[in-house]
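Scroll down for the structure; my scribbles are underneath it.
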Amino acid sequence: MNQLFSQEEIYRYSRHLMIPEVGLEGQRKLKECSMLLVGAGGLGSPAAYYLAAAGVGHIGLVDDDVVDASNLQRQILHDTAHVGELKAESGKQKLLALNPYIEVDAITEFFNAGSAMEISKEYDIILDCTDNFATRYLINDLCVLTGKPEVYGAIYRFEGQVSVFDAKIGPCYRCLFPNVPPPELSPSCSDAGVFGILPGVVGTMMATEAIKLALGIGTPMIGQFMIYDGLEAAFHKVTFPKQPGCLVCGENPTIHTLTDSAASCADSSLFTLAPEDRITPEELQNKLQGDAPVTLLDVRAPVELQISSMPNAVNIPLEKLAERLDELDRQKEIVVICRSGRRSARGVSILKKAGFTSVKNLTGGINAWVSLYEPETFRY
Ligand SMILES: [Zn+2]
């Protein structure tokens, strides 16, 4: 034991060593444990910070994305000086600055069915810190097939979810939600807002569960699903059973290998509109200056109109669009607008399904239009 820790480490971890549930033996378990965080963003940031501080000896950070300034409102593993750098690299530097006595792997490879097994093979516990369903189901299936415990977390606006899946002794994610939802329902594809502190609450709970698993203390949240409501300051915990018919952990599973079960948002059929269903900001500007009657339909939330708006645009938030179609003139051409062109693509799809014939999606959204024609207006 003495060779495992230096005097500096003993002093660093002294507040752990004084807790009976941890002690020197527990600290050794943490040092010898390896954990893989898939995603170094909102959830991965606080989770990785606390795991590193606690002395988890080997941490892997998987992320192929780079730090964007709009991440910094919640992704506290990164800072202004690291904008534009790979998140895995930026995160590794931060973790080693906090605790140089651990090992950190920065993994910038894309985490998919082809790479997941190899990337995860040397880790004991996997943390799902992702923001999309495709990777979430992939991590679940990976953990079931390899017998590894998974710590799950998810966030949406003011609500968070936490659970632990260990299919050897309890249910898995597919026992709760058998099939992958369409990619456009995932927050990362739908341009959803995030209350910045929410991933902090959820990510630290995930780190708590991961450390409990490594130490073998307390009651891990296996078969339990925690829902945190930030606005009401309420935690609701429900239990859920293992499903004998589960596709991956049930009695007769049909999933035996990893597959990329859902397309990424960029590949979603909703976002691959036909060329005739798109309009560029320049084409729209020409149209607005001409005589042809055109309806601008802004499908953003009303609160977003405080940042930027287009003159004479009709605002029907995307969630309400299907029930408010009769407010739109079917004879006129309709150009659908949102922040970036993602939600409006979904809007185009809703209108076309409802029989509207002349509908176009503004490519790049209002951000692209104002940068050309109203440079004083904010982009977000
Ligand atoms: Zn299952």
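The values are calculated or read from the model by the stated rules, or taken from the named source; none is laboratory data. The structure presented is a predicted model; accordingly, all values stated were derived computationally and were not measured. Positions of Cβ are backbone-derived with ideal geometry, glycine not excepted, and every protein chain shown enters the neighbour counts.
Look through segment 287-300, keep the residues that are farther than 17 Å from Q331 by Cβ and at pLDDT 95 or above, and return whichever of them is surrounded by the most Cβ atoms within 10 Å (Cβ to Cβ).
Among those that are farther than 17 Å from Q331 by Cβ and at pLDDT 95 or above, it is D298.
When only residues in segment 161-176 that are within 10 Å of the ligand (Cβ to nearest atom) and under 21 Å from the mean Cα position of the chain (by Cα) count, which is surrounded by the fewest Cβ atoms within 10 Å (Cβ to Cβ)? Outline the logic, then answer.
Step one: list which residues in segment 161-176 are within 10 Å of the ligand (Cβ to nearest atom), which gives 165, 167, 170-176.
With the extra rule that they be under 21 Å from the mean Cα position of the chain (by Cα), the set shrinks to 165, 172-176.
Values: F165: 27, C172: 24, Y173: 25, R174: 23, C175: 24, L176: 17.
Per the stated criteria, the residue is L176.
Filtering segment 352-375 down to residues that are touching a residue at least 40 places away in the same chain (Cβ under 8 Å) and of a type in the set (A, V, I, L, M), which residue is surrounded by the fewest Cβ atoms within 10 Å (Cβ to Cβ)?
Taking the candidates together, the pick is L372.
Starting from residues that are more than 15 Å from the ligand (Cβ to nearest atom) and β-branched (V, I, T), keep the ones in segment 244-263 and report whichever is surrounded by the fewest Cβ atoms within 10 Å (Cβ to Cβ).
Restricting to residues being more than 15 Å from the ligand (Cβ to nearest atom) and β-branched (V, I, T), the top hit is T257.
Here are G216, G203, G245: which of them is touching a Lys or Arg at 6+ places or on another chain (Cβ under 9 Å) and either touching a residue at least 60 places away in the same chain (Cβ under 8 Å) or under 19 Å from L176 (Cα atoms) (or both)?
On the way: G203 fails: touching a Lys or Arg at 6+ places or on another chain (Cβ under 9 Å); G245 fails: touching a Lys or Arg at 6+ places or on another chain (Cβ under 9 Å).
Going through G216, G203, G245 in turn, the sole match is G216.
A263 passes all but one of (1) aliphatic (A, V, I, L, M); (2) assigned to a loop (DSSP other than H, G, I, E, B); (3) modelled with pLDDT of 95 or more; which number fails?
(3)
Is it the case, given these coordinates, that M1 is surrounded by fewer than 23 Cβ atoms within 10 Å (Cβ to Cβ) and at pLDDT below 95?
Details: surrounded by fewer than 23 Cβ atoms within 10 Å (Cβ to Cβ): yes; at pLDDT below 95: yes.
Answer is yes for this residue.
Could you list, in sequence order, all residues of segment 313-335 that are under 26 Å from the mean Cα position of the chain (by Cα) and surrounded by 14 or more Cβ atoms within 10 Å (Cβ to Cβ)? Reasoning before the result, please.
To start, the set of residues in segment 313-335 that are under 26 Å from the mean Cα position of the chain (by Cα) comprises 317-321.
Scanning segment 313-335 gives P317, L318, L321.
What is the residue count in segment 336-380 for residues that are assigned to a helix (DSSP H, G or I) and among the hydroxyl-bearing types (S, T, Y)? Full working, then the answer.
Step one: of segment 336-380, the residues assigned to a helix (DSSP H, G or I) are 343-353, 365-373.
Applying the additional criterion that residues be among the hydroxyl-bearing types (S, T, Y) yields 344, 349, 371, 373.
The number of residues fulfilling the criteria is 4.
Anything in segment 206-226 that is away from the ligand (no atom under 12 Å from the Cβ) and on the phi > 0 side of the Ramachandran plot? List them, or say none.
Across segment 206-226, the qualifying residues are G216, G218.
Give segment 114-148 a look and list any residue that's away from the ligand (no atom under 16 Å from the Cβ) and aliphatic (A, V, I, L, M), or say none.
Hits for segment 114-148 are A116, M117, I119, I125, L127, A134.
When residues of segment 227-243 are filtered for being under 14 Å from V162 (Cα atoms), part of a loop (DSSP other than H, G, I, E, B) and more than 16 Å from the ligand (Cβ to nearest atom), how many remain? Break it down into steps so the answer makes sense when it comes.
Filtering segment 227-243 down to residues under 14 Å from V162 (Cα atoms) leaves 227-230, 234-240.
Then keep just the ones that are part of a loop (DSSP other than H, G, I, E, B); that gives 230, 240.
Narrowing the set further to residues that are more than 16 Å from the ligand (Cβ to nearest atom) leaves 230.
Result for segment 227-243: 1.
Scan segment 310-343 residue by residue and report those that are at pLDDT 95 or above and among the polar types (S, T, N, Q).
Answer for segment 310-343, where residues must be at pLDDT 95 or above and among the polar types (S, T, N, Q): just N315.
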